[in-house]
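Novice: Take a look at the following structure, please.
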Amino acid sequence: MPINQQGAQPLSAQIEEDLRRQITAGEVQVGAKLPSLRSLAEDYGVAELTVHVAVKKLQHEGVLTSVSGRGTFVSAKPDDVAPSDETSELQAIRDEVRELRMRVEAVEQSQSEAGR
């Protein structure tokens with residue numbers, strides 16, 4: 001479970017990626033209980049809050065499920081989870097921004113050519 005403490009990528013994102021990799025590779029099976037946040041934090045050498053952020057993201061995606069008083073469990077492989085509506089909306093916004101950027105560049109280019 002190596003993470004790069006000095007890397008540019010946030011530690012929580014690195015942990016999220018590592019947990020996702022472990023689940024996808026079958027190292028952690030669907031239905032398996034994850035170790036406690038405290039235990040994961042010790043394994044990764046980070047604060048519990050950092051692990052909590054990674055776990056929450058995977059819960060939001062539907063990969064993990066927490067059961068009060070019992071723990072956090074793997075509910076699905078990352079590839080088996082359908083994109084959420086929020087993910088679809090975000091992609092739609094990105095597409096629209098990309099289109100607007102191209103239109104602005106086209107207008108700027110035509111103005112530049114007209115000024116010559």
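Where a number appears in this text, it was derived from the coordinates with a stated rule and is not lab data. Just so it is clear, the model here is predicted, and its values are computed rather than measured. Cβ placement follows ideal geometry from the backbone for every residue including glycine, while neighbour counts extend to all protein chains displayed.
Novice: Being over 13 Å from the mean Cα position of the chain (by Cα) and polar (S, T, N, Q) narrows it down to one residue among Q22, Q14, Q59, Q9; which is it?
Specialist: Step by step, each of Q22, Q14, Q59, Q9 is checked, and only Q22 is over 13 Å from the mean Cα position of the chain (by Cα) and polar (S, T, N, Q).
Novice: Moving on to the next point. Working only within segment 24-44, note down all residues that are more than 16 Å from S66 (Cα to Cα) and touching a Leu at 6+ places or on another chain (Cβ under 9 Å).
Specialist: Answer for segment 24-44, where residues must be more than 16 Å from S66 (Cα to Cα) and touching a Leu at 6+ places or on another chain (Cβ under 9 Å): A41, Y44.
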